[in-house]
Amino acid sequence: MKKLPVLIICFFIVQSGFSQLSTEKAKLEKERQSIQDEIREIQSNYSKVKGLKKESLAKLAILQRKLQLQDRLIGNINREIHNLDNEIYLGNVELYRLQVQLDTLKVQYARSVVYAYKNNTSYDFLNFIFSASSFNDALKRISYLKSYRAYREEQVTAIKDRQKLIADKKQQLIAKQAQKKSVLQNQQVQLNELANQKKEKDAVVSKLKSQEKELSKQIASKKKRDKQLQGQIAAIIRRIVEEERKKSVTAANTSTANTGTSKTTTKSATKKEYFNLNEGQKALAANFEKNKGGLPWPVDNGVVSIPFGSSVVGGLSIDNPGITISTPSSGGSVKAVFNGEIKAVSNLGDGMMIMIQHGKYFTIYSNLASVNVSKGSTVSTGQVIGRTGEADDGTGGQLDFMLMIENRNVNPQPWLRR
């Protein structure tokens, strides 16, 4: 009886543990599939730039992304190993519980066998029946003897069932041990791959440093283009604000003329700093915000070669107002990441720019070789709006992608789907 609370505790530990592990296992498998899919996509892009004689930021970006994915894959494998250790532990706990139950059943059965042996004579059974006080009592005693024999048969069946469960559990534990061994081998393979990728990345970084003069010219050209772009964007936003201010003033003056109220509302309207959004624009902005982390990429097979904000590229500092996305080749489709209205289409000299408004949000697509849309038109999510121009280093295609909330630049990468 002392073992009963222990068995109950073991039962609940095992049931709860296996339930949690099952959920975690499904998550790990889904995550691993996603990582492996992206690794295949990245590898496809890398095979297109690997043979180039000149090293490029795109190549470095792909290698860095491969390293990140490899780290995630190894982390996924480590968690799988941890889960297998837990499964093996819980399996041993369950095996212990089953073994205790089997031992208890054997003890109980042994007692019944001893009892039956001591009283196993026809005389004892007949005496037990005929010593009944009445006929009904005799029938009850016969029924009891039948039940007792059935109980002993059930004991034998229960013992056999527990023995089979124990044998099955041992086989499952052997399978888990073999699975763990296989996963550990895969872990070593992936660690070796990670080490090789780090060496390859270091070699590319070293070569890029030797191309510092050329890289410096590219970054200087980008900085100049970014400055020009920022100036145009600021002018466009001021124009939008002014247009909205005039609309507010006109609406307020009309209301004053019709109702005879004071012009306090007009003064308040002229102080508006940003956009006077209508209900449709507010709804569009709210939907845009809800899709954070799920917006489609503006290009296919793209990788971020220069991240948002301050960073060091090939030993040179740069402050990027958006993200620079490299593609295997120029002329690829550029797509709108969300529904909106085209607010500007302009030529920056060495490339085209498109600016789309999504309520209080703006997405900007620059370094385009060509455009498919015009100012004032509306676009939908995934619609092709232009084609990528050549990368600054001439090794493929490039898109400079920006995201703004009103007049403030934000990092667009967390908003895009991965």
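The values are calculated or read from the model by the stated rules, or taken from the named source; none is laboratory data. Keep in mind the model is a prediction, meaning the values are calculated, not measured. Cβ sites come from the backbone with ideal geometry, for glycine too, and all protein chains shown count toward neighbours.
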**Prompt:** Identify, please: which residue in the stretch 327-347 is among the polar types (S, T, N, Q) and part of a loop (DSSP other than H, G, I, E, B) and is, among those, nearest to residue 236 (Cα to Cα)?
**Reply:** 339
**Message:** Go through (1) surrounded by fewer than 16 Cβ atoms within 10 Å (Cβ to Cβ); (2) in contact (Cβ under 8 Å) with a residue 60 or more places away in the chain; (3) in a loop (DSSP other than H, G, I, E, B) for residue 414 and report which single condition fails.
**Reply:** (3)
**Request:** Mind listing whichever residues of the stretch 288-299 are touching a strand residue (DSSP E or B) at 6+ places or on another chain (Cβ under 9 Å) and surrounded by 15 or more Cβ atoms within 10 Å (Cβ to Cβ)?
**Result:** 288, 295, 296, 297, 298, 299
**Prompt:** Given the residues 108, 68, 99, which is the only one that is surrounded by fewer than 16 Cβ atoms within 10 Å (Cβ to Cβ), within 21 Å of the chain's Cα centre (by Cα) and assigned to a helix (DSSP H, G or I)?
**Reply:** 68
**Matching residues, the stretch 353-374, being charged (D, E, K, R) and either without any contact (Cβ under 8 Å) to a residue 60 or more places away in the chain or outside the structural domain of residue 401 (by TED's automatic domain parsing) (or both)** = none
**Checking residue 221 against (1) surrounded by 14 or more Cβ atoms within 10 Å (Cβ to Cβ); (2) more than 30 Å from residue 278 (Cα to Cα); (3) assigned by TED's automatic domain parsing to the domain that holds residue 351, the condition it does not meet** = (1)
**Prompt:** Which number in (1) in a helix (DSSP H, G or I); (2) aliphatic (A, V, I, L, M); (3) at pLDDT below 80; (4) farther than 26 Å from residue 418 by Cα marks the one condition that residue 58 misses?
**Reply:** (4)
**Item:** Top-ranked residue in the stretch 308-326 [being more than 14 Å from residue 223 (Cα to Cα) and part of a loop (DSSP other than H, G, I, E, B); ranked as modelled with the highest pLDDT]
**Value:** 315
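This table checks each residue for (1) outside any loop (DSSP other than H, G, I, E, B); (2) modelled with pLDDT of 95 or more; (3) not assigned by TED's automatic domain parsing to the domain that holds residue 354.
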site: 376; (1), (2), (3): no, no, no
site: 381; (1), (2), (3): no, yes, no
site: 385; (1), (2), (3): yes, yes, no
site: 392; (1), (2), (3): no, no, no
site: 395; (1), (2), (3): no, no, no
site: 398; (1), (2), (3): yes, no, no
site: 402; (1), (2), (3): yes, yes, no
